[in-house]
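Read the structure below first, then the notes.
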Amino acid sequence: MSDEEIHRGLADVTVTETRLSDIDGEAGQLWIAGYPVADLAANATYPETVYLLLHDRLPDAEELQSFEDRLCSYRTLPEPCHDAVVAAAQRGAGPMAALRMGAATATAVEPNDPEADALRLIARLPTITATYWRVLQGQEPLEPRLDLGHAANYLYMLTGEEPTDAQVAGLETYLSTVVDHGLNASTFTARTIVSTESELVSAITGAIGALRGDLHGGAPDLVLEMLESLEESEDVRGELGARLEAGERLMGFGHRVYGARDPRAAVLEDAAASFYEGEDDFFAAAKAIEDVATDLLAEHRPDLDLETNVEFYTAVLLHGVGIPPELFTPTFAISRVAGWSAHCLEQLEDNRLIRPRSEFVGEHDRGWVPLDER
């Protein structure tokens, strides 16, 4: 054994510089390209946020229109991608498996161009998800509406109905809130892959694979399941306490990098409050459950600050907007693909192969034994 310290999970190891997002975990603060997440998400459309990540500045009106037009022009899926997504749905593949297959083929018939591929993937992940979902439900997939914005078109392609302004506003806020978040597992995966000088589409496909895991991006649907099971309960405290006594996790609480409340939870709570205003039974129930859960967690784990994380109010907001719970994680990817892409392009600006080391703990100088003597 060497004297070198091992950082399991690369905890507290700084491996690169970035201008894309900054996290102060102890203070519970997040900046996206220099903007506090609350300011950005409350004001920006998702295309404005994407432009900011890719160009390090907000667009003027003419630049934004041109950028949105270009994104719109990429929404339709190439035939190999469309066929792969339809086949995945017809065979009953899970939503993240279908998204991964769709992403892998999303630029198959176009020249390799990292910057163009970034826009193609940002534009096409909503189409992939909506096409998959409609086929899975036994419905015909819809063509993109080029007269609708990014968020509105996604909602339209899922349902066939033009969404309300409130639905669009709620989804826009969500997409800008979760667009980037430091070197999380999927972002680090994307940067690692592109550091080999592989195509950007390979990096995004790998990032989707990382996002599939329950420890990263896979919990908002479980939060909704918990909330719905407790919404009519007469003893929320008793039921949550029993879960904690049984050693279960309460989904939607605590975050590895935050020693305070996840700032994205506050942004999405405000968005959900606006969305549910006037008919807030579910929102009110969620708020009451949050209060009880945080009290219980403080009693059970006083050594940890297990406050609400982004997944809790993701579930509340996306449920209200009308996103099926099975699509919560794909919708996360629909947002985060812009962050992944921006990180990949940033990596390529001054690339060095990402190659950490490991500490060997096996034996040296073992002697070979022929097969007939083992």
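Count the net charge of all other residues whose Cβ sits under 14 Å from the Cβ of residue 221, scoring Lys and Arg as +1 and Asp and Glu as -1.
My count for the surroundings of residue 221 gives -4.
Expected output is a single nm value to one decimal: the length gained when fully extending between residue 145 and residue 5, i.e. 0.36 nm times separation in residues minus the C-alpha distance. What is it? Let's see the in-between values first.
Numbers: separation 140, 0.36 × 140 = 50.40 nm, distance 5.41 nm.
Going from the current span to full extension adds 45.0 nm.
Taking only protein heavy atoms and a 1.4 Å probe, what accessible area per residue, in Å², does segment 187-266 have with all protein chains in place?
45 Å²
Over segment 279-322, what portion of Cα pair distances is larger than 14 Å, expressed as a whole percent? Could you put the intermediate results ahead of the total?
Details: 510 of 946 pairs.
That fraction is 54 percent.
Given the whole protein assembly as supplied and a 1.4 Å probe, what does the accessible area of residue 31 come to in Å², nearest 10?
Rounded to the nearest 10, the figure is 70 Å².
Computed from the mean reciprocal separation of all distinct C-alpha pairs, what Kirkwood hydrodynamic radius does the chain have, in Å?
By the Kirkwood definition, the hydrodynamic radius is 21.9 Å.
At 7 Å along the Cα-to-beta-carbon direction for both residue 55 and residue 301, put a label point, then send me their distance in nm to one decimal.
Rounded to a tenth, the inter-label distance reads 4.3 nm.
Give, rounded to the nearest 20 debye, the magnitude of the charge dipole that segment 108-198 has about its Cα centre when Lys and Arg contribute +1 at Cβ and Asp and Glu contribute -1 at Cβ.
280 debye
Could you work out [θ]222 nm for the chain from helices alone, using -39500 (n - 2.57) per DSSP H run of at least four and dividing by all its residues? Round to the nearest 500 deg cm²/dmol. Walk me through the intermediate numbers first.
Values: 16 runs with 210 residues, N = 374.
Using -39500 (n - 2.57) per qualifying helix, the result is -18000 deg cm²/dmol.
Report, to one decimal in Å, the Kirkwood hydrodynamic radius for segment 31-168 based on all distinct Cα pairs.
Taking the inverse mean of 1/r over all distinct Cα pairs, segment 31-168 comes out at 15.9 Å.
Quick check for me: using +1 on Lys/Arg Cβ and -1 on Asp/Glu Cβ, what's the dipole size of the chain about its Cα centre, in debye to the nearest 20?
1200 debye
Given 10 °C and 1.306 mPa s, how large is the Stokes-Einstein diffusion coefficient of segment 223-357 in µm²/s, with Rh as the Kirkwood radius over Cα pairs?
95 µm²/s
Any chance you could run the full-extension gain for residue 196 through residue 65? It's 0.36 nm times the residue separation minus the Cα-Cα distance, nm to one decimal.
Taking 0.36 nm per residue and subtracting the Cα distance, the gain is 43.7 nm.
Can you give the percent of C-alpha pairs in segment 255-298 whose distance is more than 15 Å?
Percent of Cα pairs beyond 15 Å in segment 255-298: 54.
Given 306, 288, 163, which one lies farthest toward the positive end of the charge dipole of the chain, if we put +1 on the Cβ of every Lys and Arg and -1 on the Cβ of every Asp and Glu?
Among 306, 288, 163, the one farthest towards the positive end of the dipole of the chain is 163.
Arrange the peptides 24-30, 314-320 so that the one whose residues have, on average, the most other Cβ atoms within 10 Å appears first.
314-320, 24-30
Cβ under 14 Å from residue 329's Cβ, residue 329 left aside: what net charge do those residues give with Lys, Arg +1 and Asp, Glu -1?
-2
Relative contact order, percent, of the chain when contacts are C-alpha pairs under 8 Å separated by at least 6 residues?
Relative contact order comes out at 23 percent.
Can you give the Rg to Rh ratio for segment 1-103, taking only C-alpha atoms and Rh from Kirkwood?
Values: Rg = 20.1 Å, Rh = 17.8 Å.
Across segment 1-103, the Cα-based Rg/Rh ratio is 1.13.
Which shape class applies to segment 151-286: rounded if a/c is under 1.5, otherwise prolate when a/b exceeds b/c and oblate if not, where a ≥ b ≥ c are the square roots of the Cα gyration tensor eigenvalues?
Taking the square roots of the gyration eigenvalues as a ≥ b ≥ c, segment 151-286 is oblate.
Among residues other than residue 117 whose Cβ falls under 11 Å from its Cβ, what is the net charge (Lys/Arg +1, Asp/Glu -1)?
Here the count lands on -2.
Give the peptides 159-168, 266-275, 248-257, 203-212 in descending order of average Cβ contacts within 10 Å, highest first.
Put in order of decreasing packing, that is 203-212, 266-275, 248-257, 159-168.
Defining a contact as two alpha carbons under 8 Å apart and six or more residues distant in sequence, what relative contact order in percent does segment 32-188 show?
Across segment 32-188, relative contact order equals 27 percent.
Between residue 352 and residue 366, what length in nm is gained on full extension when 0.36 nm per residue of separation is reduced by their alpha carbon distance?
My answer for the length gained is 1.5 nm.
Applying the Karplus parametrisation 6.51 cos²θ - 1.76 cosθ + 1.60 with θ = phi - 60° to the phi angles of segment 255-261, what ³J(HN,Hα) value in whole Hz is obtained for each residue in order, glycine and proline being reported as x?
8, 4, 9, 10, x, 9, 5
Ranked highest first by average number of other Cβ atoms within 10 Å, how do 54-64, 91-101 line up?
Result, highest mean Cβ count within 10 Å first: 91-101, 54-64.
Give me Rg/Rg_expected for segment 113-193, where Rg uses Cα atoms only and Rg_expected = 2.2 N^0.38 Å with N residues.
1.25
The values are calculated or read from the model by the stated rules, or taken from the named source; none is laboratory data. Keep in mind that what you see is a predicted model, and the values were worked out from it rather than measured. Cβ atoms come from the backbone with ideal geometry, glycine included; neighbour counts cover every protein chain shown. Heavy atoms of the whole protein, side chains included, go into the accessibility calculation; ligands, DNA and RNA do not. Shrake-Rupley method; radii C 1.70, N 1.55, O 1.52, S 1.80 Å.
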